[in-house]
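Trainee: First, the structure itself, so that you have it in front of you.
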Amino acid sequence: MPELPEVETIKNELMPHVIGRRVAGVTLGWEGIVKKSSPEDFCDRLVGQGVTWISRRGKYLIFSLSSGQALVIHLKMTGSLLLNHASDEPDKHIRAVLHLDNNYQIRFRDPRKFGVMWLVEDASRVVGKLGPEPLDVNFTPQALAERLAKRKAPIKPLLLDQNFIAGIGNMYADEALYDAGIHPLRPAASLSQKEIAGLHKAIQQVLRAAIGNKGASVENYFRPGGELGTAHFKFRVAHGLGGEFCPRCGTPIERIVVRNRGTYFCPKCQPLSNGARSL
Ligand SMILES: [Zn+2]
């Protein structure tokens with residue numbers, strides 16, 4: 001699933017081509033992609049609008065429109081936004097096309113059809129409850145510590161909870177916990193101040209490095225030009241892509257299932273504390 005670095009990459013790479021352009025037409029290949037409006041109403045309201053800005057919040061893309069409305073997009077499991085010329089051959093997984101006024105198109109490619117679009121008066125109707133942005137200046141080690149305090153939940157599911165912290169998914173949670181030397185089942189409130197500071201640093205480093213590598217192409221993620229990201233080549237544990245053994249100590253990497261998510265970690269570098277045994 002595209003996470004913060006993948007969505008940030010899509011935003012960065014679409015912006016120079018899309019800002020200032022007008023939506024000349026919309027084609028829906030899969031009407032279920034539109035939420036909270038009828039497909040007809042969605043297309044009627046979107047056509048003719050200029051795109052004034054693109055921003056990202058968590059794993060959501062927000063297209064600011066000339067009317068003041070917002071087109072909000074979530075790519076879910078397998079979505080990508082491709083920028084193509086109108087004459088480029090479409091593939092069978094294109095679920096929606098925004099035709100721009102310069103003969104280019106934004107194509108929403110989504111093999112599994114979980115992706116979603118909303119056209120709303122105010123983006124906060126969709127993204128209003130998200131937790132803090134992990135790369136925001138206000139997201140300090142102290143802010144993370146305050147959010148973790150008194151939380152009995154294991155740390156990994158908390159990192160995946162978008163209302164706790166926005167943008168992190170299964171891949172970058174595993175990478176950050178590995179970097180910080182924290183077992184994924186440690187109760188959040190059991191982390192020391194030093195561990196929290198280490199986790200904060202690890203989250204930011206892992207996300208920044210992945211943005212620098214244009215995201216991870218582990219499933220169906222493509223950049224707007226159709227290229228792949230390369231962040232997954234740097235994975236130490238996520239998805240088992242770092243290999244069978246811990247790159248730091250050589251211990252076999254373990255896989256467990258945490259709240260239905262395959263979770264990879266090094267049992268030596270990320271020891272389980274006593275506190276987690278009661279879970
Ligand atoms: Zn290790």
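Computed from the coordinates by the stated procedures, all read-outs in this text should not be read as laboratory data. A quick note: this is a predicted structure, and the numbers were derived from the prediction, not measured. Neighbour counts run over all protein chains shown; Cβ positions are idealised from the backbone, glycine included.
Trainee: For the range 18-149, what does the alpha-carbon gyration tensor say about shape, rounded, prolate or oblate, given a ≥ b ≥ c as the root eigenvalues, a/c under 1.5 as rounded, and a/b over b/c as prolate? Before the final figure, lay out each step's value.
Mentor: Values: a/c = 2.02, a/b = 1.76, b/c = 1.15.
Prolate.
Trainee: Further question: Over the range 126-234, calculate the relative contact order: mean separation of alpha carbon pairs under 8 Å at least 6 apart, over the residue count, as a percent. All intermediate terms of the calculation are to be shown ahead of the outcome.
Mentor: Numbers: 131 pairs, mean separation 25.9, N = 109.
With pairs under 8 Å counted, the relative contact order is 24 percent.
Trainee: Across bins of 5 angstrom width beginning at 0, how are the C-alpha pair distances of the chain distributed, in whole percent?
Mentor: Per 5 Å bin, starting at 0, the Cα pair percentages come out as 1, 6, 12, 16, 17, 14, 11, 9, 7, 4, 2, 0, 0.
Trainee: Might you report the magnitude of the Cβ-based charge dipole of the range 64-222 about its Cα centre, with Lys and Arg at +1 and Asp and Glu at -1, to the nearest 20 debye? Walk me through the numbers before you get to the answer.
Mentor: On the way: 19 positive and 16 negative charges, 118 e Å.
Result for the range 64-222 is approximately 560 debye, rounded to the nearest 20.
Trainee: With +1 on each Lys and Arg Cβ and -1 on each Asp and Glu Cβ, how big is the dipole of the chain about its Cα centre, in debye rounded to the nearest 20? Kindly include the intermediate steps, with their values, before the conclusion.
Mentor: Details: 37 positive and 27 negative charges, 201 e Å.
For this selection, approximately 960 debye.
Trainee: Among the listed pairs K59/K129; K201/K268; K11/K214; K35/K76; K92/K113; K156/K201, which have their C-alpha atoms separated by more than 18 angstrom in this model? List each step's numbers first, then the result.
Mentor: Numbers: K59/K129 13 Å; K201/K268 21 Å; K11/K214 11 Å; K35/K76 14 Å; K92/K113 12 Å; K156/K201 16 Å.
Exceeds cut-off: K201/K268.
Trainee: Oh, and also: Can you tell me the dipole magnitude for the range 152-279 around its Cα centre, using point charges on the Cβ only (Lys, Arg +1; Asp, Glu -1), in Debye to the nearest 20? If you can, show how the numbers build up before the last one.
Mentor: On the way: 16 positive and 9 negative charges, 54 e Å.
Using only the charged Cβ atoms, the result is roughly 260 debye.
Trainee: OK, next. Enumerate the calculated ³J(HN,Hα) couplings along the range 261-267 in order (Karplus 6.51 cos²θ - 1.76 cosθ + 1.60, θ = phi - 60°), each rounded to whole Hz, writing x wherever the residue is Gly or Pro.
Mentor: With the stated coefficients, the range 261-267 comes to 10, x, 10, 10, 7, 9, x Hz.
Trainee: Roughly what % of DSSP beta bridges within the chain run antiparallel, to the nearest 5?
Mentor: Values: 41 of 43 bridges.
Roughly 95 percent of the DSSP beta bridges within the chain come out antiparallel.
Trainee: Output wanted: per-residue J couplings in Hz (rounded whole) for the range 37-42, from phi through Karplus 6.51 cos²θ - 1.76 cosθ + 1.60, θ = phi - 60°, x for Gly and Pro.
Mentor: Result, rounded to whole Hz: 8, 6, x, 5, 4, 4.
Trainee: What percent do you get for the relative contact order of the range 1-116 when only Cα pairs under 8 Å and 6+ apart count? Can you show the working numbers first?
Mentor: Working: 233 pairs, mean separation 35.5, N = 116.
Relative contact order for the range 1-116 comes out at 31 percent.
Trainee: OK, next. Sketch the reach of a paramagnetic label on R261 as a point 7 Å from Cα along Cα-to-Cβ, and name the residues of the range 207-226 whose backbone nitrogen lies under 15 Å away.
Mentor: Inside the label zone: 207.
Trainee: While we're here: Taking the alpha-carbon centroid of each part, what is the distance from the range 188-259 to the range 34-110 in angstrom?
Mentor: Here the two parts' Cα centres lie 29 Å apart.
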